Amino acid sequence: MNNIQYTLLGLLAREPLSGYEMKQQINNRIAHFYKINNNQLYPSLSKLEDAGFIELQAIEQDSYRPPRKIYRITTSGIDALKAWVLELPEIGDHDTFLLKQYSAWLVRPDALIGLLEKNKEQHERTLEDYKEKISSFQEKDPDVSDPLFSTISVIEMGIAIEEASIIWCNRMLDVLRRTLANRKET
């Protein structure tokens, strides 16, 4: 399966939706970091239905209107989505990581902690790589018309992204650990 199909499962795990409603949800919730074209939606839904991950339900409407088609996720669809969420994406595949986090509410906090710790480690390693690269360049203090200036600015952006990702991971890990501690107390 691909990210589009898992994204659709993530939407349907929240509530049954028509194809039109799914497109609205994508535009309102996901499109700022992941795009799905209209021509990808229905073929993906068809593949999910063929695989048994979703089912189609027709709801009768007024006599002059055709039945409304509502898609609903199946138990095997939920299981596939949970398994996907717990797979660590490739280093640098931020879109897939965000898509997985969109459905992370389905996964036990203790399982999610392990995933986030690994993700944080990836960001820490990448951050160290960026810092090593930039240290040798910064000593030269190039002029803005020097290509090295642009190289340094791009690496600085990479550093900022990695630092922000580590902060986010730490925040999420704190929330998950507090949740687990509170559950043990009750």
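The values are calculated or read from the model by the stated rules, or taken from the named source; none is laboratory data. Please read all numbers here as calculations on a predicted model, not as lab measurements. All Cβ positions, glycine included, derive from the backbone under ideal geometry; neighbour counts span all protein chains shown. Surface areas here come from the heavy atoms of the whole protein model, side chains and all, with no ligands, DNA or RNA. Shrake-Rupley method; radii C 1.70, N 1.55, O 1.52, S 1.80 Å.
Quick rundown of the values:
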read-out: Residue in region 100-111 that is open to solvent by 20 Å² or more (accessible area, probe 1.4 Å), in contact with a Phe, Trp or Tyr (Cβ under 9 Å, 6 or more places away or on another chain), touching a residue at least 60 places away in the same chain (Cβ under 8 Å) and not in a helix (DSSP H, G or I) present; value: no
read-out: Given (1) open to solvent by less than 60 Å² (accessible area, probe 1.4 Å); (2) part of a helix (DSSP H, G or I), index of the condition Lys118 fails; value: (1)
read-out: Single residue of Leu56, Leu11 found to be open to solvent by less than 50 Å² (accessible area, probe 1.4 Å) and either among the aliphatic types (A, V, I, L, M) or in a helix (DSSP H, G or I) (or both); value: Leu11
read-out: Candidates Leu48, Leu88, filtered to the one that is outside any helix (DSSP H, G or I), among the aliphatic types (A, V, I, L, M), open to solvent by less than 90 Å² (accessible area, probe 1.4 Å) and touching a residue at least 24 places away in the same chain (Cβ under 8 Å); value: Leu88
read-out: Residue in region 135-151 that is open to solvent by less than 30 Å² (accessible area, probe 1.4 Å) and in contact (Cβ under 8 Å) with a residue 12 or more places away in the chain present; value: no
read-out: Qualifying residue in region 61-84 (condition: more than 18 Å from Leu98 (Cβ to Cβ), crowded, with 17+ Cβ neighbours inside 10 Å and free of Cβ contacts under 8 Å to residues at least 40 places away in the same chain); value: yes
read-out: Qualifying residue in region 32-40 (condition: of a type in the set (A, V, I, L, M), open to solvent by less than 40 Å² (accessible area, probe 1.4 Å) and assigned to a helix (DSSP H, G or I)); value: no
